[in-house]
Amino acid sequence: MLTESHTNPPRKDAQTDSGKSSWTIREFADMFGVTPRTVRFYEDKGLLSPERTGQSRTFHRRDHARFERILRGKRLGFSLDDIRAVFDVLEGRISDAKELRRRRDNFQAVIDGLADRRRDVALLERDMTEIVSVIDDYLTQNSDDQTQDVSNLADRYQAAFKKHLIAQQGSI
């Protein structure tokens, strides 16, 4: 049920500066490319609290910003409890110094982990860019000659990969 909400970033046309400052649940869900059921799920979990008038929900800019944070956290693999822990601190619900220190240490561990992930993403991006380049070169050179052995492509990739490893070792 929640797959859509943590894989899809907010749609490009989901801008809050269009002059509109409140939305129905359908409008709100549409802005983020999720279903109203998904929005209600996060409300049931206590992560969203739109204005209620009877059965109607009205979402405001604060809800928009909060939902962006929730979805970003989900896309990055954080649990709802992790996200709630951040909101608890941001909204002043935690005042015990010992608990604040514990959460601060947990947040610092997350920051450190994110730095590691950024490095991993950068390395993976470079590797994938190199693979695409080798494939493009191969396809360009062999577009007319389909009898060329594909192992040539593998040999070229291996050479490029070895070059990359040597460059990486030099930077360590």
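Brief remarks on what is shown
- Less than 5 angstrom separates the built amide H of R57 from those of I25, all sequence-distant by 5 or more or on a different chain.
- Cubic angstrom per residue, convex hull over Cα atoms of region 29-78: 77 Å³
- Shape call, region 52-142: gyration tensor on alpha carbons, a/c limit 1.5: oblate
- Normalised Debye scattering of region 83-130 at q = 0.23, 0.26 Å⁻¹ gives log10 I(q)/I(0) of -0.79, -0.90, counting only Cα atoms as equal scatterers and leaving out solvent.
- Compared with the alpha-carbon gap, the fully stretched path from H60 to D82 is longer by 5.6 nm at 0.36 nm per residue.
- Cα Rg, Dmax (largest Cα-Cα span) when computed across region 11-111, Å: 15.0, 43
- Accessible area of V110 (1.4 Å probe, protein heavy atoms only, ligands and nucleic acids ignored): about 50 Å².
- Normalised Debye scattering of region 49-90 at q = 0.19 Å⁻¹ gives log10 I(q)/I(0) of -0.64, counting only Cα atoms as equal scatterers and leaving out solvent.
The values are calculated or read from the model by the stated rules, or taken from the named source; none is laboratory data. Computed from a prediction, not measured in an experiment: that's the story for all the values here. All accessible areas refer to the heavy atoms of the entire protein, side chains included, with ligands and DNA or RNA removed. Shrake-Rupley method; radii C 1.70, N 1.55, O 1.52, S 1.80 Å.
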